[in-house]
1. Exposed (fewer than 14 other Cβ atoms within 10 Å of the Cβ) and basic (K, R) - does that describe any residue in segment 242-260?
2. Look at R140 and say whether it is in contact (Cβ under 8 Å) with a residue 60 or more places away in the chain and assigned to a loop (DSSP other than H, G, I, E, B).
3. Mind checking which residues of segment 51-90 are surrounded by 20 or more Cβ atoms within 10 Å (Cβ to Cβ), touching a residue at least 60 places away in the same chain (Cβ under 8 Å) and farther than 19 Å from V40 by Cβ?
4. Applying the selection to segment 290-305, what residues are open to solvent by less than 10 Å² (accessible area, probe 1.4 Å) and either of a type in the set (A, V, I, L, M) or more than 26 Å from the chain's Cα centre (by Cα) (or both)?
5. Please go through segment 261-278 and pick out each residue that is surrounded by 14 or more Cβ atoms within 10 Å (Cβ to Cβ), assigned to a helix (DSSP H, G or I) and of a type in the set (A, V, I, L, M).
6. For F102, indicate whether it is under 24 Å from K79 (Cα atoms), among the aromatic types (F, W, Y) and open to solvent by less than 10 Å² (accessible area, probe 1.4 Å).
7. Given G75, G96, G120, which one is within 20 Å of the chain's Cα centre (by Cα), among the small types (G, A, S) and farther than 26 Å from D152 by Cβ?
Amino acid sequence: MKKLRLLLLPFSWLYGAILFFRHFIYDRGFANSYGFDKPVIVIGNLVLGGAGKSPMTEYLLRLFAGVSIATLSRGYGRKSTGYLEVQGGSTAEKVGDEPLQFKRKFPGVTVAVCEDRVEGLRQLMPSHDIFVLDDAFQHRRLKPGISILLFDFESLQENKWVLPAGNYRDLFMRRNFADIIVITKSPEALSKTDRQRCLQLLKLERELPTFFSYIEYGDLVNLMTDEKESFPINARLIVMTGIANPTPFCNYLTTKGNVLKMIEFPDHHRYTAGDLLKIKRYWQSLGDCLIVTTEKDAMRLRDPELRSHIEDLPLHYIPIETKFHHNASGPSFDNLIKDQVFGKQV
């Protein structure tokens, strides 16, 4: 694998040059970026998927509960196009799995999808006060009010090459253009040494507020009934995922029971009847066990066309939340983001 990455380096240099030129034309004003008078919070990451953008979006929706807030996503993987507002009865196929997840968890929040984030904001702007954009750090046509850049704790330790030799979809140098950096999925027991090593790896060219967060896993939830359940003693588990980085999720489940089988699909995988038939055969061959998946996967599994294939399976999912480590050297993340948001309100 390492030799293959080295062979792909020339293509990474070419891709990096294209990225550099694209940023150059925006930074120098040769291409237009559009800003808005109301607070627009952009969440993003430089590495391909798995940095925790969805949990961070949900964190902000909770933080600003009671305010007229809207969230806008591209709606990755949806079959529709243009601007759409997500409804409780929408399907992942129509609006994307993450926007559907947001709407189900925050039914009172306006959740919209639009591949053109500027146009989407224009539609939402008249009737809302704060806007959270999931995965829009690279959307250079938009000039954000506040940009939050996420780095996964583990991937920060790896090389910083862009695709295809590395896993970065944007230049590592773009970290210096964020307003806030959050190192996500860090250990719940985070040592001072871990903090210092991460800050050294970031090599920031200017002082930026940098926070550390971790994932807190919720109760087991029955996919068909949405009822919370406890893990059985000595639980026997089949784990199925279709997310970018399933490792933390799988590692967590090994602490809750005996993982008999791990089935990994690509990120945003659209499940088919054939997939579920294969999973059902595993379940039947292994005997009494639970099938556990992620909350994002659950959104895709709720497709009405799949219902007849899953209603006999003991399918469960686990919701997650972002939690922040204490910041001893400055304001908390909550206080900083609130100060910046309300300071930018008109």
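The values are calculated or read from the model by the stated rules, or taken from the named source; none is laboratory data. On a predicted model such as this, the values are computed, not experimentally measured, just so you know. Counting neighbours? That spans all protein chains shown, and the Cβs are built from the backbone with ideal geometry, glycine included. The area values use the complete protein model at the heavy-atom level, side chains included, leaving out ligands, DNA and RNA. Shrake-Rupley method; radii C 1.70, N 1.55, O 1.52, S 1.80 Å.
1. No.
2. So R140 fits the description; yes.
3. The answer is A51, G52, P55.
4. Once the filter is applied, which keeps residues that are open to solvent by less than 10 Å² (accessible area, probe 1.4 Å) and either of a type in the set (A, V, I, L, M) or more than 26 Å from the chain's Cα centre (by Cα) (or both), segment 290-305 yields I291, V292, A298, M299, L301.
5. Once the filter is applied, which keeps residues that are surrounded by 14 or more Cβ atoms within 10 Å (Cβ to Cβ), assigned to a helix (DSSP H, G or I) and of a type in the set (A, V, I, L, M), segment 261-278 yields only L276.
6. yes
7. G120
Here's the yes/no breakdown for (1) without any contact (Cβ under 8 Å) to a residue 24 or more places away in the chain; (2) of a type in the set (K, R):
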residue: V259; (1), (2): yes, no
residue: D267; (1), (2): no, no
residue: W283; (1), (2): no, no
residue: T293; (1), (2): no, no
residue: D297; (1), (2): no, no
residue: R307; (1), (2): yes, yes
residue: L313; (1), (2): no, no
